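*Asks:* First the structure, then my questions, so here it is.
Only the coordinates and a few stated rules stand behind these numbers; no lab work does. Here the structure is a predicted model, which is why all the values come from computation and not from measurement. Neighbour counts run over all protein chains shown; Cβ positions are idealised from the backbone, glycine included.
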Amino acid sequence: MHQLQPQPEVTTSSLVRSMPTSDFVPGLDSVQLSPWSILQTEAEQVDWLILHFNHWFSHHNVVLVKGDFEPEYFPAAADYPARIQFAHGFFNSALHEISHWTIAGAQRRLLPDLGYWYAPDGRTQQQQAEFEQVEIKPQAIEWLFAQAFGRKFRVSLDNLTGEGGDGSSFKDNVFAQVQRYLNGEAPLPRDAQLFIQCICLCTRNGHMLQHDEFQREFLD
């Protein structure tokens, strides 16, 4: 999923605040079939993520699904929910696609692939600059998700055969955006906030993310 256009966002208050009680997520105990801490393989973690995401966001009539090919978003229809399809069963791909979905407003969620248009690998320097500009927020949010799960995050320039440069300025921008989310300077999308809260309840005993967990050198 790639786009070279900005999109409307649904936002909420600062990320750094007190955690709600477990009642914040109705039915959490019944859906958590296996504690996150005992999962050993990526496949197990992916299954856990799908189960929990689909429970937490059932009120949006959307499901997270594994895909055999490239990631894609399919809007809801009369007889089936919207689908966030991530690539090849990769956990990080799921987090990336979820981050795009949380940024999209209600109107974008009615469009195939959230209204994105695909610019394939091999972009020119100008195309890559446009791509990076609209990927700053999704990848910053993806980093927040990954950290909540205790997983390594890596920025993606997604332009292996094109003119992508070394990515240093993009990493700077992603780091700066994370800091803006953490200090409340930039509002976090409402569903990203909910997702982080739910993850932290399950993986961190409810402890929210802190500034010192995010350092610029972690992206190199």
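*Asks:* Taking 7 Å along the Cα-to-C-beta vector as the label spot, tell me the Ser169-Arg154 distance in nanometres, rounded to one decimal.
*Replies:* 2.4
*Asks:* Would you mind checking which residues have amide H under 5 Å from Leu64's amide H? H placed 1.01 Å from N; only 5 or more apart, or other chain.
*Replies:* Residues meeting the amide H criterion: Asn54, Ile84.
*Asks:* I've got another one for you. Taking K and R as +1 and D and E as -1, what net charge do the other residues with C-beta under 10 Å from the C-beta of Trp101 add up to? All intermediate terms of the calculation are to be shown ahead of the outcome.
*Replies:* On the way: positive: Arg108, Arg109; negative: Glu97, Asp191.
In short, 0.
*Asks:* State, to one decimal in nm, how far the label point of Phe69 lies from the label point of Gln215, with both points 7 Å from Cα in the Cβ direction.
*Replies:* That separation, rounded to one decimal, is 4.3 nm.
*Asks:* Where does the Debye-calculated log10 I(q)/I(0) of segment 174-220 sit at q = 0.15, 0.24, 0.26, 0.28 Å⁻¹, using only Cα point scatterers of equal weight, no solvent?
*Replies:* -0.43, -0.98, -1.06, -1.11
*Asks:* Between segment 185-209 and segment 60-112, what's the alpha-carbon centroid distance in Å?
*Replies:* 19
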